[in-house]
Amino acid sequence: MRPSPTQKLDARPAAELTVAALAGIPLVRPGDDIAELILGGLSGSGLKLQRGDIVVIAQKIVSKAERRLVDLRTVTPSARAEKLAAEVNKDPRLVELILRESTEVVRYRRGVLVVAHRNGCVLANAGIDASNVGPGSDDCVLLLPEDCNRSCRDIRARLLARTGVEAGVLVIDSLGRAWRNGTIGVALGAAGLPALLDLRGRPDLFGRQLRSTQVGIADEIAAAASLLMGQADEGTPVVLIRGLDLPAAAGSADDLIRPRELDLFR
């Protein structure tokens, strides 16, 4: 649910924040129970889930568990994909998958294809990736989960059933940003915590009311977790965040997506 103009979410800065990568998470295979792997990682790290904890999960292992792997040898590109692939210098089979996963081609040039994914995110290649897919997988790519928010809700429910603890769950990925170089951790799915904090109406240090401040708290958490996850061979796809005092409002990563009618750049 997107926060309404009158819905005010509040949070206070944490005096101390723990950000811990869970040890011993194995390579994930199709059909694996991510919640069970998280509990194993917690145990291997000498930790127990506590109320208020936030479990941050790399999108890639969720996609693997949800069988989102596609062999490019099984993909037949359309005429549109063939034409666009020639312009961007990409594999036509990959471009076909990108188009299937997208609602709109936003920008493209040689080497770059930016689209609006079906989940609303604007990103390169519809988030389709071939890195860290697995050994002997030169022709295989990994799609984003079909619904990252649903994945978060499912994992949260399984953790609750096994531990009795209500935790927040994020599924994150590294995305590029308009105006800035480099990728950064971004929340693609959220459950059990607000994704967007509306601070309008709160006073600043001098008593002046904030008029437009909204904080993408889920993205800020994702960026912190991404520091430990890394981007290459670190092998730490799950991070525990402890110490944030967030309100009990349920959120969704959809709250972070700017409505098209308010997007001045599309």
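The values are calculated or read from the model by the stated rules, or taken from the named source; none is laboratory data. Just so you know, these numbers come straight off a predicted model, no measurement behind them. Reconstructed Cβ throughout: ideal geometry from the backbone, glycine too, with neighbour counts over all protein chains shown.
Within region 146-173, being in contact with a strand residue (DSSP E or B) (Cβ under 9 Å, 6 or more places away or on another chain), surrounded by fewer than 23 Cβ atoms within 10 Å (Cβ to Cβ) and either part of a loop (DSSP other than H, G, I, E, B) or not assigned by TED's automatic domain parsing to the domain that holds Asp255 (or both) holds for one residue alone: Asp147.
On the given criteria, is Val55 surrounded by fewer than 19 Cβ atoms within 10 Å (Cβ to Cβ), among the hydrophobic types (A, V, I, L, M, F, W, C), in contact (Cβ under 8 Å) with a residue 12 or more places away in the chain and not in a loop (DSSP other than H, G, I, E, B)? No; evaluated as a whole, the condition is false for this residue.
Within region 208-216, one or more residues are part of a loop (DSSP other than H, G, I, E, B) and closer than 26 Å to Asp147 by Cβ.
Considering Ala187, Ala223, the condition of being surrounded by 14 or more Cβ atoms within 10 Å (Cβ to Cβ) and outside any helix (DSSP H, G or I) is satisfied by Ala187 alone.
Scanning region 14-46 for residues that are under 19 Å from Ser226 (Cβ atoms) and not in a helix (DSSP H, G or I) turns up Ala14, Leu17, Thr18, Val19, Ala20, Ala21, Leu22, Ala23, Ile25, Val28, Ser45.
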